[in-house]
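As structure tokens, the structure follows; a few thoughts come after it.
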């Protein structure tokens, strides 16, 4: 039987595409035989980048760490609408985006900065009468969702290659970047869905200090401990 690894603190992991946040937690838990492993802010399977893992007693810090602002780099695809607002979902509508140019996108994106009201997508982990919305969506059901106020600190449109638009966004807790893209597509009149997304920052934690899954596969328990940020020394302050 594998010896239990006793460790408390924060581990920054670079989540690969197609892994769920739960997959990463389960992998670390099994690989190092750690009793408690959680995270501070879900990343969708499509997304890559910074996942803040909480080990041992650090799981008690989940609420405060999840509340942090987050930075993302992404790519949206114009002319496509999906039920999940990203490329993992089913295509439900298409249009011709050939008339849309970069400056148009930049101008429309200005309306999506600051405090905004965002209606969460059906394909999400939010609950309706105790049932996850994505479970209802799988059955073809759609239920009313109330808009929630979120804050988009920055929504920088960076470049264009055909129907693909690259961007950077800095957002508050609870913001769905895929829905931000979806709503921008509606405003442009050409539809849009999220094609790529990478989280580069969560609060004071940066992707530069993360470890990959491949590195974790070959890491000893002592090497893991050297990567873990201790509870007493880890910075929890939020940075806008």
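The values are calculated or read from the model by the stated rules, or taken from the named source; none is laboratory data. Since the model is a prediction, treat every value here as computed from it, not as a measurement. Don't worry about glycine lacking a Cβ; one is built from the backbone with ideal geometry, like all the others, and counts go over all protein chains shown.
State which residue is modelled with the lowest pLDDT when the search covers only the range 219-235 and only residues that are outside any loop (DSSP other than H, G, I, E, B) and touching a helix residue (DSSP H, G or I) at 6+ places or on another chain (Cβ under 7 Å). It comes out as 221. Within the range 49-68, can one find any residue that is surrounded by fewer than 20 Cβ atoms within 10 Å (Cβ to Cβ) and in contact with a helix residue (DSSP H, G or I) (Cβ under 9 Å, 6 or more places away or on another chain)? Looking for residues that are surrounded by fewer than 20 Cβ atoms within 10 Å (Cβ to Cβ) and in contact with a helix residue (DSSP H, G or I) (Cβ under 9 Å, 6 or more places away or on another chain), one finds none in the range 49-68, hence no.
Residue check: residue 35 meets all listed conditions (1) within 14 Å of the chain's Cα centre (by Cα); (2) not in a strand (DSSP E or B) but one, namely (1). Within the range 155-180, work out how many residues are closer than 15 Å to residue 110 by Cβ and not in a strand (DSSP E or B). The total comes to 1.
Scanning the range 118-152 for residues that are assigned to a strand (DSSP E or B), exposed (fewer than 14 other Cβ atoms within 10 Å of the Cβ) and within 20 Å of the chain's Cα centre (by Cα) returns 127, 149. If you go through the range 92-117 and pick out every residue that is assigned to a strand (DSSP E or B) and touching a residue at least 60 places away in the same chain (Cβ under 8 Å), you end up with 2.
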